[in-house]
Every structure is written in structure tokens, then in C-alpha cells.
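The values are calculated or read from the model by the stated rules, or taken from the named source; none is laboratory data. Source: prediction; values computed, not measured. Glycine also receives a Cβ, built like all others from the backbone with ideal geometry; neighbour counts cover every protein chain displayed.
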Amino acid sequence: MAPVTPRTAFPKVLIERDSDSEQSSSEEEEEKLDEEEEEEEVGVSTANEKTEKLELGSDANRKGKAPITISLKKVCKVCKKPGHEAGFKGAAYIDCPMKPCFLCKMPGHTTLTCPHRVSTEHGVVPAPRRKACKPLEYVFERQLRPSLPSIKPKYVIPDQVNCAVIRYHSRRITCLEFHPTKNNILLSGDKKGQLGVWDFGKVYEKVVYGNIHSCLVNNMRFNPTNDCMVYSASSDGTISCTDLETGISSSPLNLNPDGWQGPNTWKMLNGMDINSEKGLVLVADSFGFLHMVDIRSNNRSGDAILIHKKGKVVGIHCNPIQPDIFLTCGNDHFARIWDLRQIEAGSSLYDLKHTRVVNSAYFSPISGTKILTTSQDNRLRVWDSIFGNVDSPSREIVHSHDFNRHLTPFKAEWDPKDPSESLAVVGRYISENYNGAALHPIDFIDTSTGQLVAEVMDPNITTISPVNKLHPRDDILATGSSRSLFIWKPKEKSELVEEKDEQKIVVCGKAEKKRGKKNGNISDESDDEGFMSKSKKSKSKKTEWKLSRCTTKDNR
DNA sequence: AGCCAATGACACC
DNA sequence: TGGTGTCCCTTGGC
């Protein structure tokens with residue numbers, strides 16, 4: 001224990017505590033005082049609450065310093081007021097009643113009673129439509145749903161983890177991209193700037209390139225004329241063009257040629273897409289400017305154009321049918337539609353207003369006539385036709401995907417295989433109690449109705465999964481959750497239940513380091529146990545994942 | 001088990 | 001308008 005130094009010059013301190021709480025020894029009190037010495041007042045006491053006040057540091061009081069009150073009563077960690085407590089109670093999170101609903105952001109109720117909340121009572125229950133906030137309709141919806149016969153969903157949902165690389169990256173995963181022709185290759189970018197290439201068909205075949213970027217890889221796109229080459233946009237301000245076979249990369253664009261000159265000049269690249277017709281990489285920076293790179297010459301093309309005035313542009317998407325038409329979104333709370341043939345500052349065709357930052361905006365994958373946006377106001381917005389009135393969205397779908405500075409921003413993405421262009425996938429921030437486990441599912445939403453088609457989860461995945469990508473041809477979902485990657489397949493197609501496939505989970509990180517570069521079985525089971533036991537909130541039955549016999553091979 | 005750091009949006013002045 | 005303080009369900013490491 002650290003020695004407790006007497007604080008003679010410290011002002012008088014009052015400690016309040018609940019009268020029914022346990023008394024601690026004076027030594028402990030002094031420790032607590034030590035920890036909270038900077039706190040002026042923690043918690044507020046009211047007259048009708050029984051509190052016990054302890055006085056410390058009377059020495060200081062004599063010197064005339066103002067008394068400081070420290071309350072040891074239990075207060076809400078959110079609003080700092082007594083009488084209630086926010087936080088996890090087991091696997092269920094109790095909201096602070098003093099704050100607006102964490103889900104829909106409206107005051108007067110909490111997420112537990114929010115009409116937009118996905119019901120936990122019946123497993124997969126459709127999320128109500130926007131208009132279902134009318135109490136009557138909501139009640140009808142809730143009462144009718146469970147009694148309706150279950151209809152076989154028309155969508156094929158990859159709902160079972162087929163294989164995984166645990167702690168594959170050394171920092172959290174920021175983006176994913178499937179190979180355009182090789183069905184089993186998944187690219188992943190992380191916060192550290194590393195680029196992973198994983199053959200999830202062979203599972204053990206994985207490479208991580210660590211020298212391409214120095215920080216966050218925000219977006220990756222394959223060269224449309226050479227699927228060996230991939231472009232990546234990074235917060236280090238560069239576009240890299242990497243040969244996946246060799247890992248050799250070039251930088252056709254570098255917005256920080258003079259290195260770090262402070263935050264006011266450091267440019268970051270977020271949104272990126274490729275206009276395959278013109279052979280142009282479109283990329284936008286954190287100061288709102290659009291830059292272009294010619295694929296043939298691998299050089300800059302034209303000047304930077306201001307497209308979002310208030311800072312960062314986070315997303316760019318070229319229309320699949322008419323690539324000259326492209327969509328951008330950014331920190332200025334707008335998604336904007338542009339025509340590349342007549343582009344200059346302020347020349348956007350349409351401006352789609354949002355109330356918060358727009359994390360992503362995508363044209364529908366086949367016809368390119370719909371738009372899906374994800375905004376930090378916890379709403380997905382759908383425009384059913386860009387030819388109609390685009391002044392307001394056709395639908396707003398309340399969905400939990402809050403901004404958190406420690407998470408990769410959530411982006412709802414279309415299923416590229418859905419001919420009706422209605423299915424979208426997006427991770428969920430808020431957790432639910434699934435048999436005693438607090439899990440964050442990945443949601444499949446019918447954007448034409450707002451209904452939740454499916455929520456997929458696994459008791460072993462206790463971290464939030466903000467990064468999700470649906471395979472362009474196969475019924476496969478790739479998920480980036482923290483540092484791990486998961487491949488989901490539909491239950492009927494998943495072979496994981498079979499004994500031989502116990503080796504489909506590859507553990508990286510510590511376990512790998514301990515083993516050095518040697519291949520073979522992981523002998524140190526405790527590390528694997530470490531991963532399994534990380535799901536401390538999880539009390540439900542683990543899936544048939546068996547980590548103890550997994551084998552890794554690293555071709556680095 | 002408990003603390004800490006990393007670090008983006010935004011409200012407020 | 002720019003500086004600053006605050007922040008609700010994070011995650012991993014020590």
C-alpha cells in the first residue's frame with residue numbers, strides 16, 4: 001500500500017455515505033480521499049435522505065479553505081444523481097431515466113420501453129416501422145406479431161459462424177472488402193494501417209501487410225482492370241496501390257508530403273470509390289475536398305474540389321449504372337449527389353439533409369436508383385427513388401448504431417445479391433440479453449418496410465461488430481469485430497458442426513507469439529481459454545466452437 | 001478486479 | 001468562430 005501522506009494544507013473534506021452502506025475503516029477512507037481529492041463534489045445529497053457526514057482534514061479548515069464535500073452514496077454514473085443507477089445489471093443494461101432514450105433519442109422513456117426497440121420476448125421480431133410510433137399501432141403490432149404464423153423468410157441469412165480468425169489484427173478492424181473474382185479472399189484494414197489478406201476457404205492462409213499505411217485504413221477498392229491491385233485510403237493522407245501477391249505498394253496520392261505539421265494541416269482520407277468507366281479513383285479528405293487519381297497513369301488528376309464545407313467527407317459511392325453520378329456524405333450532416341461531368345464547388349445535384357453526421361451513403365447495388373444512409377442520429381434513411389422527390393427520405397428506420405469514438409463508425413450496406421434491392425446489413429450498438437449474455441447482434445433489415453428480418457449473433461462474439469460486408473456472389477457475411485474476423489454462412493450451408501471443422505478457428509496474437517513461428521497445435525490452452533472467458537457477461541451455452549485443437553499456419 | 005488510455009463529435013461560451 | 005470540456009452499453013492491457 002502506498003503511504004498516506006498527511007495533507008495539512010488541504011481544505012476541510014466532508015464525506016457523505018448512505019447510512020445503510022457498510023462502514024469502512026478510517027484507513028480506507030483516507031485511501032478514498034486520496035483518489036477523489038480533485039473531485040469537488042461527487043453526488044448531491046437531499047434533505048430527506050439519510051446520509052452520514054465524516055469530516056477530515058480539520059487542520060486545513062483552520063486555515064480557512066472552503067469545505068469540500070465527497071459523497072460515497074451511490075449515484076448514477078450517467079447523470080451523477082442519486083436514487084437510481086445506470087449500467088449493466090447482469091446482461092441487461094439499465095438506462096438513466098434522466099436522459100433521452102438511448103435508442104430513438106426522444107425524451108420521456110428509456111430503451112426498455114422505447115416503441116422502436118426490438119422486442120426480446122419473441123426472439124426475432126420485426127422492428128416497427130417509422131409510423132409505428134403511434135401507440136395504438138404499436139400495441140397492435142406487438143400483439144399480432146407473435147400469433148402470426150412464421151413464414152419462411154425469402155432472404156437467405158448467413159446466421160452461423162463458419163470460420164474465424166481471432167485477434168487477427170493488432171488493432172480494431174476498420175474496413176472489409178471481398179475479392180472481386182476469388183470467392184474465398186477477404187481483405188481487411190485496421191486502425192494501425194495494416195492490410196490483411198485472408199483465404200477463409202483454407203482458413204490458415206493469411207497474410208498481414210504492415211508497411212502500407214501508418215494509421216487507419218478507411219476504405220479499400222480493387223482496380224477494376226487488374227484484380228491483383230488494390231487501392232486503399234488512409235488517415236495518413238495517402239492512397240496506396242498495393243500488389244496483393246507481393247505486398248509492394250506505391251502511393252499515387254500523398255496529402256501530407258511534409259509530414260506532421262500539427263492537426264490543423266494534417267489531412268486524412270476517408271471516403272473512396274472508383275469510377276471504372278473513366279478509370280478514376282475518387283477520394284475525399286478530412287477538410288472536405290475531393291481528389292482524383294488516374295488509374296492508368298497512377299497519378300493525380302485535376303485539382304481538389306471542395307464538396308463538403310464543414311470538414312470530413314466520410315463516404316463516396318459511384319452509381320453502379322451511371323458511374324459519373326456519385327454520392328458523398330460527411331460531417332456537415334449532408335449526403336450529396338454529384339455529376340462528375342460538371343463538378344465544381346457547390347455544384348451538387350441534390351443535398352440530402354440529416355440531423356447528424358452521415359456515416360455512409362450508398363446507391364442500391366443493381367439499379368442504383370435507391371439510396372441508403374446511416375446517420376449518427378440512430379436512423380437509417382431510405383430514398384426509394386432518386387428520380388422522385390428527394391427532399392425527404394421515403395423512410396427513417398430507428399436503429400441503434402450510435403457514434404462512439406472507440407468504435408469504427410457503423411455503416412448499413414445493401415445486400416448486393418438481393419434482386420429486390422431491399423435487404424441491408426448493419427451491426428447493432430445496443431446489447432440485448434440473450435439467455436443471460438449481453439450480445440450485440442448484426443441486423444438484417446428490410447429497408448422497404450423497416451422490418452428486422454434477422455438478427456445474427458454468437459455467444460462467443462461479445463464485442464460490437466460495426467464492420468460488416470456481404471459477399472457479392474455467395475451467401476456469406478464477413479464481420480469485423482474488434483480485432484477479429486468472422487465468416488458467417490447460412491445454417492444449412494455451414495459445415496462447422498462437423499467434427500473435422502473444429503480446426504476452422506484460428507487464434508492469433510499472444511498464443512501465436514508464444515509458439516513463435518512454429519506451426520502445429522496450440523499447446524497453451526490457457527490463452528484460448530482466455531479468449532473464451534473474456535465473455536464474462538455471457539452465461540449462455542457456447543457454440544460448438546472448439547478452440548483447443550485449432551491449428552495455425554502463417555505464411556509471413 | 002479495477003484503472004487507464006486511445007480519441008471524435010458536439011455543445012457551450 | 002475557435003477553444004475547451006464532456007461524454008450512455010468500448011476494448012485491451014497492465
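Annotations for the structure displayed:
- Scanning the stretch A:466-487 for residues that are within 16 Å of DNA strand B (Cβ to nearest atom) and of a type in the set (Gly, Ala, Ser) yields A:SER481, A:SER482.
- The listed residues are A:ASN319, A:ASN331, A:ASN378, and the only one of them that is crowded, with 16+ Cβ neighbours inside 10 Å, away from DNA strand B (no atom under 16 Å from the Cβ) and polar (S, T, N, Q) turns out to be A:ASN319.
- Filtered residues of the stretch A:362-421 (kept if within 16 Å of DNA strand C (Cβ to nearest atom) and hydrophobic (A, V, I, L, M, F, W, C)): A:VAL398, A:PHE403, A:LEU407, A:PHE410
- Pick from the stretch A:462-476, criterion touching a strand residue (DSSP E or B) at 6+ places or on another chain (Cβ under 7 Å), at pLDDT 95 or above and over 18 Å from A:TYR362 (Cα atoms), ranking: surrounded by the fewest Cβ atoms within 10 Å (Cβ to Cβ): A:THR463
- 2 or more residues under 13 Å from the mean Cα position of the chain (by Cα): qualifying strands (runs of 3 or more DSSP E) within the stretch A:373-439: A:423-427
- Failed condition for A:SER297, given (1) surrounded by 14 or more Cβ atoms within 10 Å (Cβ to Cβ); (2) polar (S, T, N, Q); (3) modelled with pLDDT under 95: (1)
- For beta carbons closer than 8 Å, sequence separation of 6+ or different chains, a first residue in the stretch A:423-441 that is closer than 18 Å to A:CYS175 by Cα and a second that is within 16 Å of DNA strand B (Cβ to nearest atom) and among the basic types (Lys, Arg), the qualifying pairs are A:VAL426/A:LYS411.
- On inspection, A:VAL208 qualifies as at pLDDT below 95, more than 15 Å from A:VAL293 (Cα to Cα) and in a strand (DSSP E or B).
- Qualifying residue in the stretch A:211-227 (condition: closer than 20 Å to A:ILE343 by Cα, surrounded by 16 or more Cβ atoms within 10 Å (Cβ to Cβ) and of a type outside the set (S, T, N, Q)): no
- Any chance A:VAL203 is among the β-branched types (Val, Ile, Thr), away from DNA strand B (no atom under 16 Å from the Cβ) and not in a loop (DSSP other than H, G, I, E, B): no
- In the stretch A:241-297, the residues that are hydrophobic (A, V, I, L, M, F, W, C) and over 26 Å from A:ALA335 (Cβ atoms): A:CYS241, A:LEU244, A:ILE248, A:TRP260
- The number of residues in the stretch A:349-364 being of a type outside the set (Val, Ile, Thr) and surrounded by fewer than 19 Cβ atoms within 10 Å (Cβ to Cβ) comes to 5.
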